[in-house]
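Visitor: Take a look at this one; I'll ask things after.
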Amino acid sequence: MDHSLQSNLFLLNLPIAELPLSEPFKLRSKLMGFFTLQDILAADQKGLHELEDYSEHWYYEFVGFLGRKGLLHLLG
């Protein structure tokens, strides 16, 4: 396994509140019941947009963060 990927996997289980993400992202995540990135990944990706507090900006920030950390393939 790639070292940078392995070193970033721990981010998935940290509280979203502790990650370098925007305050609106953190608030929307909490309102939708997501407390870790793993919670978001475990959710039905096709149904996320149906959640009451979902926004495309929130999702783009999520995808962007995964991409910067080399974890985008986890959306697969």
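Visitor: Only residues that are within 10 Å of the chain's Cα centre (by Cα) and of a type in the set (D, E, K, R): list them for segment 57-76, please.
Guide: Once the filter is applied, which keeps residues that are within 10 Å of the chain's Cα centre (by Cα) and of a type in the set (D, E, K, R), segment 57-76 yields only 61.
Visitor: Scan segment 42-62 and give yes if some residue there is of a type in the set (Asp, Glu), part of a helix (DSSP H, G or I) and over 21 Å from residue 9 (Cα atoms), otherwise no.
Guide: Within segment 42-62 (the criterion being of a type in the set (Asp, Glu), part of a helix (DSSP H, G or I) and over 21 Å from residue 9 (Cα atoms)), the answer is yes, since at least one residue qualifies.
Visitor: From the list 37, 21, 9, pick out the single residue that is open to solvent by less than 70 Å² (accessible area, probe 1.4 Å) and free of Cβ contacts under 8 Å to residues at least 40 places away in the same chain. If you could, list the steps in order and put the result at the bottom.
Guide: On the way: 21 fails: free of Cβ contacts under 8 Å to residues at least 40 places away in the same chain; 9 fails: free of Cβ contacts under 8 Å to residues at least 40 places away in the same chain.
Being open to solvent by less than 70 Å² (accessible area, probe 1.4 Å) and free of Cβ contacts under 8 Å to residues at least 40 places away in the same chain holds for just one of 37, 21, 9, which is 37.
Visitor: Can you pull out the residues in segment 11-40 that are assigned to a helix (DSSP H, G or I) and in contact with an Asp or Glu (Cβ under 7 Å, 6 or more places away or on another chain)? Give the derivation first.
Guide: Filtering segment 11-40 for residues assigned to a helix (DSSP H, G or I) gives 11-13, 16-18, 23-31, 37-40.
25, 28, 31 - these are the residues of segment 11-40 that are assigned to a helix (DSSP H, G or I) and in contact with an Asp or Glu (Cβ under 7 Å, 6 or more places away or on another chain).
Visitor: I need the full set of residues from segment 47-76 which are open to solvent by 80 Å² or more (accessible area, probe 1.4 Å) and among the small types (Gly, Ala, Ser), in order please.
Guide: If the condition is that a residue be open to solvent by 80 Å² or more (accessible area, probe 1.4 Å) and among the small types (Gly, Ala, Ser), then 76 is the only one that fits.
The values are calculated or read from the model by the stated rules, or taken from the named source; none is laboratory data. A quick note: this is a predicted structure, and the numbers were derived from the prediction, not measured. We place every Cβ from the backbone using ideal geometry, glycine too, and count neighbours over all the protein chains shown. Heavy atoms of the whole protein, side chains included, go into the accessibility calculation; ligands, DNA and RNA do not. Shrake-Rupley method; radii C 1.70, N 1.55, O 1.52, S 1.80 Å.
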